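Asks: Take this structure first; my questions come after.
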Amino acid sequence: MTFNRGLIADPEDFARQAGAASWLFLCGDEFAAMDGGMSYASVQSAVGESANIVSDPPRVMDMDLAREHVAALDQLPRPTLVTCRTGPRSSAAVYLYAGLRAGASADEVLARAEADGAPFCGSDELKAWVAQGLAELA
């Protein structure tokens, strides 16, 4: 899985460079209307399969969203892109999913994310969401 660390200027090029078969897009229509934003339609035209689970602020990252992310990632073919506006929420979803599938503890997942410099590590809220998801969804 791949997640973004900033705005994506060209979705088709981003998907092509990643060799992506699918894409989980976490942004809503509000993002498409923003300067530098991207629409779900552009995601759909860039890959063969995609899913859109709106998870951007002001939406709260809760366990319902976590379950939706996991279910979508279970269905999408690999390699899969997972993106949000600039990376924190998508990286949290990626590490949650990977940790669940590996049977890893929250401490293991968060330590790995910190070592990798995952964008969500700068947010106590997202770290707590990952830890909660690993505890509740395991």
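The values are calculated or read from the model by the stated rules, or taken from the named source; none is laboratory data. The shown structure was predicted, so the numbers you read here are calculated from the model rather than taken from an experiment. Positions of Cβ are generated from backbone atoms using ideal geometry, with glycine treated the same way; all protein chains shown enter the neighbour counts. We work out accessible area using only protein heavy atoms, side chains counted, and drop any ligands, DNA or RNA first. Shrake-Rupley method; radii C 1.70, N 1.55, O 1.52, S 1.80 Å.
Asks: Rank Gly99, Leu24, Ala128 by how far each Cα sits towards the positive end of the charge dipole of the chain (+1 on Lys, Arg Cβ; -1 on Asp, Glu Cβ) and give me just the farthest.
Replies: The one lying farthest along the dipole's positive direction is Gly99.
Asks: So what is the 222 nm mean residue ellipticity for the chain from helices alone, if each DSSP H run of at least 4 adds -39500 (n - 2.57) and you divide by all residues, rounding to the nearest 500 deg cm²/dmol? Could the numbers behind the result be given before it?
Replies: Numbers: 7 runs with 72 residues, N = 138.
Computed ellipticity for the chain at 222 nm equals -15500 deg cm²/dmol.
Asks: OK, next. Between beta-carbons, use under 14 Å as the cut-off and find the net charge around Gln132, counting Lys and Arg +1, Asp and Glu -1. All intermediate terms of the calculation are to be shown ahead of the outcome.
Replies: Details: positive: Arg67, Lys127; negative: Asp62, Asp64, Asp107, Asp124, Glu125, Glu136.
Residues near Gln132 contribute -4 overall.
Asks: Taking H placed 1.01 Å from N in the peptide plane, check which residues at least 5 places from Asp56 or on another chain put their amide H under 5 Å from its amide H.
Replies: Long-range HN contacts for Asp56: Gly28.
Asks: Roughly speaking, to the nearest percent, how much of region 24-138's 1.4 Å accessible area is carbon and sulfur? If you can, show how the numbers build up before the last one.
Replies: Working: 2660 of 5270 Å².
Summing carbon and sulfur atoms, their accessible area is 50 percent of the total for region 24-138.
Asks: Just to confirm my numbers, what's the Cα centroid distance between region 1-58 and region 90-125 in Å?
Replies: 21
Asks: Next question, about the same structure. For the chain, what is the charge dipole size about the Cα centre, in debye to the nearest 20, if Lys and Arg each add +1 at the Cβ and Asp and Glu each add -1 at the Cβ? Working shown, then result.
Replies: Numbers: 10 positive and 19 negative charges, 58 e Å.
For this selection, approximately 280 debye.
Asks: Something else now. Fully extended, how many nm does the chain gain between Leu137 and Ala32 (0.36 nm per residue separation, minus their Cα-Cα distance)?
Replies: Working: separation 105, 0.36 × 105 = 37.80 nm, distance 3.13 nm.
Gain on stretching Leu137 to Ala32: 34.7 nm.
Asks: If you don't mind, there's one more thing I want to ask. Suppose all protein chains stay in the model; what accessible area per residue would a 1.4 Å probe give for the chain, in Å²?
Replies: Numbers: 6580 Å² over 138 residues.
Result: 48 Å² of accessible area for each residue.
Asks: Give me the extension gain from Gln44 to Arg59: residue separation times 0.36 nm, minus the current Cα-Cα distance, reported in nm with one decimal. Could the numbers behind the result be given before it?
Replies: Working: separation 15, 0.36 × 15 = 5.40 nm, distance 2.26 nm.
Stretched fully, the Gln44-Arg59 segment lengthens by 3.1 nm.
Asks: Further question: For the chain, report the translational diffusion coefficient in µm²/s to the nearest whole number, using Stokes-Einstein at 37 °C, 0.692 mPa s, and a Kirkwood Rh over Cα pairs. Don't jump to the answer; show the numbers that get you there.
Replies: Values: Rh = 14.8 Å.
Calculated translational D: 222 µm²/s.
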